[in-house]
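Worksheet: one structure, shown below.
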Amino acid sequence: MSVLGASGVALLPGHALAVLDGLAFVRPPALFALAIPLLLLALAKLLARPERRATGSLRLWMRLAAHEGEAASALRPGIPLPLWLLSGSFAAAILALAGPHDEESSTGRLWRIIVDRSPSMYLRQEPALPIGELAFMGARSEELQRSVPGVAVRLEVALDAALSELAKSWKPNDRLRYESENRESLDLTQPVAPRPAWWGPGAFESAEPDFVSDDARGTLFVTDRAQPLEHAGLFASGGGEVYGLLGRRKSLRLEWAGGSAFEEQPASPRLVSCVGNGAVAEVLEHWCLTRGFSFTRATDGGEEPALRLDLAAGEPPLEPLSVERDGWRLEVRVGLPVEQVASPREPREIWLQQGTRELVVWSPGRIEVNWTAFDGERSASPGGDPAAFAVSWSRLFDRAVLPEPGAVSLAERQSAGDPRAALGEPPIEPAPTGEASRYEAWLAWLAAALAAAAAWSLSGSTTPARDRRA
Amino acid sequence: MGRSRGAAERREGRGHSALYGAGEEFVGYRPYRAGESLSALDWNLLARLDQPFVRVAKREASERWAVLLDTSASMGVGVPGKLQRAAEVAAALCAVGLRGGSTITLWSSSDTDRLDIDRGRGMAAAMHWLESKRAEGDAGLEALLATVRLAGSGRVFLVGDFFDLDPASIARIQRRGRELNFLRILAEEELVPPRSEAIEWVDPESDERRRMRVDKTAQSDYELELSHNLEAWRSFAARHRIASGCFGSTSAFEDIVSSILAPA
């Protein structure tokens with residue numbers, strides 16, 4: 001049994017011990033209420049006074065007592081049967097309230113670890129790195145492993161602390177669920193870390209968790225900055241300012257040197273490639289000029305492009321289709337769906353859809369347009385507002401282009417403060433279902449039966465008033 | 001508890017307690033019963049009729065009776081109280097005595113109060129006097145025997161629980177020609193104490209207390225003690241030809257009175 005102590009067990013017979021050994025309680029604190037019936041019995045015994053009876057034959061009793069030599073003052077009457085029954089009823093009711101069930105049938109508690117996978121979580125834990133040292137762990141998990149092996153980032157530090165603390169409170173049937181933005185939840189049966197592929201940075205940048213709405217018992221936040229939480233646990237790595245690359249402005253790289261110091265360094269333009277023709281390709285070319293990217297129609301090369309646009313109609317037969325969004329309209333030809341451009345491991349977002357057809361799909365660094373332009377004048381320019389067409393697509397390019405490798409925003413590079421570790425409130429023991437809760441029903445019936453027996457014996461023990469005629 | 005129960009509600013002793021048979025005034029004859037004293041047999045009648053008859057005589061009309069009633073606090077014990085039953089017995093004795101023409105003096109122990117009644121001042125006064133009695137104080141029959149004046153009383157009835165009475169005190173009232181009768185009345189719990197893990201016995205006269213565990217063994221021991229006590233009184237009464245009986249307070253007073261007054 002997980003709750004009763006050894007001293008209580010020693011008093012129990014073998015078979016009862018076997019039953020209790022496999023018991024667990026949904027609400028163990030309720031067992032403290034068992035002190036009530038025990039206290040009641042103790043008080044009854046302590047305050048009990050012997051029945052007083054007048055007699056003319058006291059001398060005979062005195063002679064008997066003199067022979068026995070009994071400690072008369074210590075004699076107290078026994079606890080009345082109704083009180084025994086009532087106390088038993090109380091005890092049974094309290095045990096029922098505690099929710100006893102077989103330990104094996106327990107579904108266990110569910111711990112949630114919400115992992116903050118915002119960019120700052122991939123900064124190295126050391127405070128205030130010098131400019132130029134790699135502090136960002138790369139845009140992909142593979143890069144993370146390759147670039148700085150053995151270097152702990154904030155996420156690892158906070159996660160290790162959380163798992164170390166969780167292991168102390170872990171029960172055999174407990175379960176663990178990892179949650180993070182842009183990641184499918186991961187269920188585990190042991191308090192261990194997920195694979196780096198799960199907790200590493202994804203293609204899409206993740207925001208910080210919603211600390212307020214997820215502030216519940218049994219939830220642990222793995223983050224870098226301390227947060228005011230009421231119920232949930234918090235494991236914040238802390239960490240100082242991390243200087244380094246903030247981003248790029250055309251041909252200049254902007255780096256933070258601490259405080260208000262920034263440095264700009266010249267850099268060669270990054271590559272944007274396009275496969276296919278049409279109005280969209282034209283907008284991309286203009287966008288590259290504006291943003292300082294080098295536009296190319298080459299599909300293969302040594303350098304990984306910051307953005308790649310694929311325009312393909314798919315497999316014949318092609319059908320004419322009029323597509324529209326954000327106030328523009330375009331006449332295109334659409335074929336059967338082609339193989340997905342984005343990797344299945346990476347999430348994709350549908351930007352334009354008509355019926356069940358996914359016409360424009362994007363993922364970081366890649367845009368797939370599943371149509372082709374008409375030959376001739378019909379496809380020369382989009383209908384509707386031409387400016388709206390350019391603005392609409394430029395927004396998509398801005399979102400889809402890969403960030404400068406190693407670039408982290410200034411806000412993320414700020415100090416995360418001191419580390420913090422608090423497990424918070426444990427999750428509630430799940431109520432057993434079906435067969436597991438049969439003890440509750442039995443105990444409830446027992447409590448009712450004992451209470452009825454107590455009432456019956458109480459009514460039977462009342463004696464009529466005695467007539468003592470003098 | 002059978003022994004105590006058996007000892008109670010039984011007439012003991014061999015006193016001359018019958019109203020008829022020991023007096024001077026001839027009343028008539030009745031058939032002889034087996035076991036009766038042959039001295040009462042009318043031998044002349046036996047010779048003439050060849051059948052045994054006993055002469056029946058009536059006591060003197062001027063005989064004086066005394067009824068000594070224990071009204072100490074211990075007589076309040078029991079349901080009904082011992083004094084309740086004792087008072088009823090006393091009233092019955094008065095009725096019988098007055099009917100036989102006796103003069104009766106009632107004595108109560110707690111206040112040493114007395115009441116003389118005869119045919120002129122009869123039952124009504126006795127009932128009123130008895131009703132006024134309460135079980136109080138610590139003066140029982142022992143105290144009463146020390147002060148009572150029983151000059152001229154041919155029959156004396158002592159009614160009480162006898163727990164405070166020393167048999168030696170009886171000598172004070174024993175006279176030639178005086179017939180003594182002991183009517184001992186005990187409460188139910190004095191005969192059969194209830195079992196209890198802890199019971200505090202209280203003597204209402206001295207307020208002495210004793211806490212006891214009354215289990216089967218204690219019950220048995222008490223029974224033995226009580227039997228010794230009863231036996232001591234029984235043998236004393238037998239030795240002094242005193243009619244005696246021990247009764248529970250739940251016994252009907254008619255049974256008690258008829259038991260003590262029935263011919264031996």
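Which of the residues belonging to the stretch B:162-172 are over 16 Å from B:I260 (Cβ atoms) and open to solvent by less than 40 Å² (accessible area, probe 1.4 Å)? Those that are over 16 Å from B:I260 (Cβ atoms) and open to solvent by less than 40 Å² (accessible area, probe 1.4 Å): B:F163, B:D164, B:L165, B:S169, B:I170.
Taking the stated definitions as given, is B:P204 without any contact (Cβ under 8 Å) to a residue 24 or more places away in the chain, open to solvent by 20 Å² or more (accessible area, probe 1.4 Å) and within 12 Å of chain A (Cβ to nearest Cβ)? If you could, list the steps in order and put the result at the bottom.
Details: without any contact (Cβ under 8 Å) to a residue 24 or more places away in the chain: no; open to solvent by 20 Å² or more (accessible area, probe 1.4 Å): yes; within 12 Å of chain A (Cβ to nearest Cβ): yes.
Answer is no for this residue.
Looking across A:S7, A:S73, A:S2, one residue alone is assigned to a helix (DSSP H, G or I), open to solvent by 60 Å² or more (accessible area, probe 1.4 Å), more than 14 Å from chain B (Cβ to nearest Cβ) and modelled with pLDDT under 80. It is A:S7. Of the listed requirements (1) within 12 Å of the chain's Cα centre (by Cα); (2) over 20 Å from B:A87 (Cα atoms), B:L183 misses just one: (2). If the condition is being more than 14 Å from every other protein chain (Cβ to nearest Cβ) and part of a loop (DSSP other than H, G, I, E, B), then the stretch B:96-112 contributes B:G100, B:G101, B:S102, B:T112.
With the stretch B:172-262 as the region, which strands (runs of 3 or more DSSP E) entirely inside it contain at least 3 residues that are farther than 30 Å from A:E51 by Cα?
Values: elements: B:179-186, B:196-202, B:209-214, B:243-248.
The strands (runs of 3 or more DSSP E) meeting that bar are B:179-186, B:243-248.
Restricting attention to the stretch A:381-401, the residues that are open to solvent by 10 Å² or more (accessible area, probe 1.4 Å), of a type outside the set (S, T, Y) and assigned to a helix (DSSP H, G or I) total 8. Determine whether B:L93 is crowded, with 21+ Cβ neighbours inside 10 Å, assigned to a helix (DSSP H, G or I), touching a residue at least 24 places away in the same chain (Cβ under 8 Å) and aliphatic (A, V, I, L, M). So B:L93 passes the test.
Quick test for you: out of B:F157, B:F163, pick the one residue that is in a strand (DSSP E or B) and within 15 Å of the chain's Cα centre (by Cα). Spell out how you get there, then give the answer.
Numbers: B:F163 fails: in a strand (DSSP E or B).
The unique qualifying residue is B:F157.
Of all residues in the stretch B:207-221, those satisfying the criterion of being over 11 Å from A:M62 (Cβ atoms) and within 7 Å of another protein chain (Cβ to nearest Cβ) are B:R211, B:R213, B:A218, B:D221.
Counting only residues that are modelled with pLDDT under 90, of a type in the set (G, A, S) and open to solvent by 50 Å² or more (accessible area, probe 1.4 Å), the stretch B:99-145 holds 1 of them. For the stretch A:164-179, taking the residues that are open to solvent by 20 Å² or more (accessible area, probe 1.4 Å) and of a type in the set (A, V, I, L, M, F, W, C), the one that is nearest to A:V115 (Cα to Cα) is identified as A:A167.
Residue under question is B:L115, and the condition is that it be within 14 Å of chain A (Cβ to nearest Cβ) and aliphatic (A, V, I, L, M); does it hold? Don't jump to the end; show me each part of the working.
On the way: within 14 Å of chain A (Cβ to nearest Cβ): no; aliphatic (A, V, I, L, M): yes.
Considered against the rule, which asks whether it is within 14 Å of chain A (Cβ to nearest Cβ) and aliphatic (A, V, I, L, M), B:L115 comes out as no.
Residues of the stretch A:227-263 that are closer than 30 Å to A:R112 by Cα and crowded, with 21+ Cβ neighbours inside 10 Å: A:A232, A:G233, A:L234, A:F235, A:A236, A:S237, A:G239, A:V242. Restricting the first residue to the stretch A:37-52 and requiring it to be open to solvent by less than 90 Å² (accessible area, probe 1.4 Å), which pairs with a second residue that is of a type in the set (S, T, N, Q) and part of a helix (DSSP H, G or I) meet a Cβ separation below 8 Å and a spacing of at least six or different chains? Within 8 Å, the pairs are A:P37/A:S87; A:L40/A:S87; A:L41/A:S87. Out of the stretch B:124-149, which residues are out of contact with any Ser or Thr (no Cβ under 8 Å at 6 or more places or on another chain), more than 12 Å from every other protein chain (Cβ to nearest Cβ) and not in a helix (DSSP H, G or I)? The answer is B:R149, and nothing else.
Would the stretch B:208-218 turn up any residue that is closer than 20 Å to B:F247 by Cα and buried (at least 20 other Cβ atoms within 10 Å of the Cβ)? Even if it seems obvious, please write down each step before you answer.
Just the residues of the stretch B:208-218 that are closer than 20 Å to B:F247 by Cα, to begin with: none.
Within the stretch B:208-218 (the criterion being closer than 20 Å to B:F247 by Cα and buried (at least 20 other Cβ atoms within 10 Å of the Cβ)), the answer is no, since none of the residues qualifies.
The values are calculated or read from the model by the stated rules, or taken from the named source; none is laboratory data. The shown structure was predicted, so the numbers you read here are calculated from the model rather than taken from an experiment. Counting neighbours? That spans all protein chains shown, and the Cβs are built from the backbone with ideal geometry, glycine included. Side chains included, ligands, DNA and RNA excluded: accessible areas come from the protein's heavy atoms. Shrake-Rupley method; radii C 1.70, N 1.55, O 1.52, S 1.80 Å.
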